[in-house]
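S.K.: If you scroll down you'll find the structure; I have some questions about it.
Coordinate-derived values only; no laboratory data. Computed from a predicted model, the values in this text were never measured in an experiment. Cβ placement follows ideal geometry from the backbone for every residue including glycine, while neighbour counts extend to all protein chains displayed.
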Amino acid sequence: MLKNFKLSQKFNILLLSAFLCAILLSGIAFSTLLNRDTEQEVTAKATILLKTMLAVRDYTSTQINPELAPRLETETEFLPQTVPGYSAREVFERFRSDQDYSDFFYKEATLNPTNLRDKADGFEADLVNRFRSSSTLKELTGYRSSPAGDLFYIARPIAIVKESCLRCHSTPEKAPKSQLTTYGSDNGFGWKLNETVGAQIISVPASGVRSTARKAFLLFMSIVIAAFVLVMIIINLLLRRSVIQPLNQMATAANEVSMGNMEAEFEQASNDEIGKLAAAFNRMKTSLIMAMSMLRDGEE
């Protein structure tokens, strides 16, 4: 296939083939690294927010709940501020009021919640059931779709580890009267100690980070392609000057010699392979001149 091509064309085809292989492999490698870094960046952002919500829960549990818990029996309406999950959700909703973070989500998804706002949807229920089926599973991460775009989530199990939590969730008879007045007796009961009842889920948008990764990938590929084009131009200029032109000159000289012009010279000042080829042609021309001279002398 290549036998009818010129030397420069063959060289460019081979170089282009090598470049395409190199650009494919480097593109795959760089894309893999970008995807990994993107997920690490999103994970770091989600982890920070998750730890913040854990701090809010701990503050509510240790500081707010002891102060307000006695009032649950005397108030006509339940005080949700005593619930760590409620406090974390309310703090996060105020965080989401900032337009830059309106696509962030936090939920303590529960299979049987007292407040139906915390009811797990189908996707969240699957996560909770995975935690319930494996006591060693402590965290799940991944992507899920939403009307705002793809979200990266981190989910951790919510288990009943304190006996005090069963006051509001064991049976309606043991629950504070204000709780029954506000939420009724149909939801949020039947929980057991050490049982996984839900999942703490925080979701952050991945589209912005992915867009940045795509721009970085396109910039990288553009730089690589531009560098290759520049290298191709430089190599072609050097090839033409160091190889193609000397070979064309030797081909012209060889043609002149074949036509009987013994004055034609194979000039090449370098000591590389092209220079050695020119020297060999000159020796061949000298031998040809000597042979022709001997032939003429024999005829005479």
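S.K.: Tell me the Kirkwood hydrodynamic radius of the chain in angstroms, computed as one over the mean inverse distance between distinct C-alpha pairs.
M.R.: Every distinct Cα pair counted, the radius reaches 26.7 Å.
S.K.: Could you list the square roots of 5 times each eigenvalue of the Cα gyration tensor of segment 110-174, that is, the equivalent ellipsoid semi-axes, sorted largest first and rounded to whole Å?
M.R.: With the √(5λ) rule applied to segment 110-174, the semi-axes are 26, 16, 9 Å.
S.K.: Give the value in nm², to one decimal: projected area of the alpha carbon convex hull of segment 214-299, averaged over all directions.
M.R.: Quarter of the Cα hull surface area: 7.4 nm².
S.K.: Helix 84-96 versus the longest principal axis of the chain: what is the Cα-based angle in degrees, 0 to 90, to the nearest 10?
M.R.: With both axes taken from Cα atoms, the answer is about 50 degrees.
S.K.: Reported to two decimal places, what Rg/Rh ratio describes segment 37-205 when computed on Cα atoms with Rh from the Kirkwood expression?
M.R.: Using only Cα positions, Rg/Rh for segment 37-205 is 0.98.
S.K.: Give me the Å³ per residue figure for the convex hull around the C-alpha atoms of segment 150-226.
M.R.: Value for segment 150-226: 125 Å³ per residue.
S.K.: Counting Lys +1, Arg +1, Asp -1, Glu -1, what net charge surrounds Tyr101 among other residues with beta carbon under 14 Å of its beta carbon?
M.R.: -1
S.K.: Then there's this: Return the FRET efficiency for the residue pair Ser31, Lys138: r is the Cβ-Cβ distance, R0 is 30 Å, and the value is rounded to the nearest 0.05.
M.R.: After rounding, the FRET efficiency stands at 0.50.
S.K.: Which chymotrypsin sites (Phe, Trp or Tyr not before Pro) does segment 1-91 hold that lie in a coil by DSSP with at most 13 other beta carbons within 10 Å?
M.R.: Counting only loop positions with at most 13 other Cβ atoms within 10 Å, the chymotrypsin sites (Phe, Trp or Tyr not before Pro) in segment 1-91 are Phe5.
S.K.: Shifting gears a bit: Over segment 54-129, one equal point on each Cα, no solvent: what is log10 I(q)/I(0) by the Debye formula at q = 0.19 Å⁻¹?
M.R.: Here the Debye-derived log intensity ratios amount to -0.92.
S.K.: Under 12 Å from the Cβ of Lys138, count the other residues' Cβ atoms, weight Lys and Arg +1, Asp and Glu -1, and hand me the total.
M.R.: Computed value for this residue: +1.
S.K.: How would you rank 248-255, 133-140, highest first, on the average number of other Cβ atoms within 10 Å across their residues?
M.R.: Top to bottom by mean Cβ count within 10 Å: 248-255, 133-140.
S.K.: Considering only the other residues whose Cβ falls under 13 Å of the Cβ of Tyr183, what net charge follows from Lys and Arg at +1 and Asp and Glu at -1?
M.R.: That works out to 0.
S.K.: Something else about it: Helix 273-299 against the longest principal axis of the chain: what's the angle in degrees, Cα atoms only, rounded to the nearest 10?
M.R.: In the chain, helix 273-299 runs at an angle near 20 degrees to the longest axis.
S.K.: I've got another one for you. Which angle between 0 and 90 degrees, to the nearest 10, do you get for helix 122-133 versus the longest principal axis of the chain when only C-alpha atoms count?
M.R.: Compared with the principal axis, the helix lies near 80 degrees.
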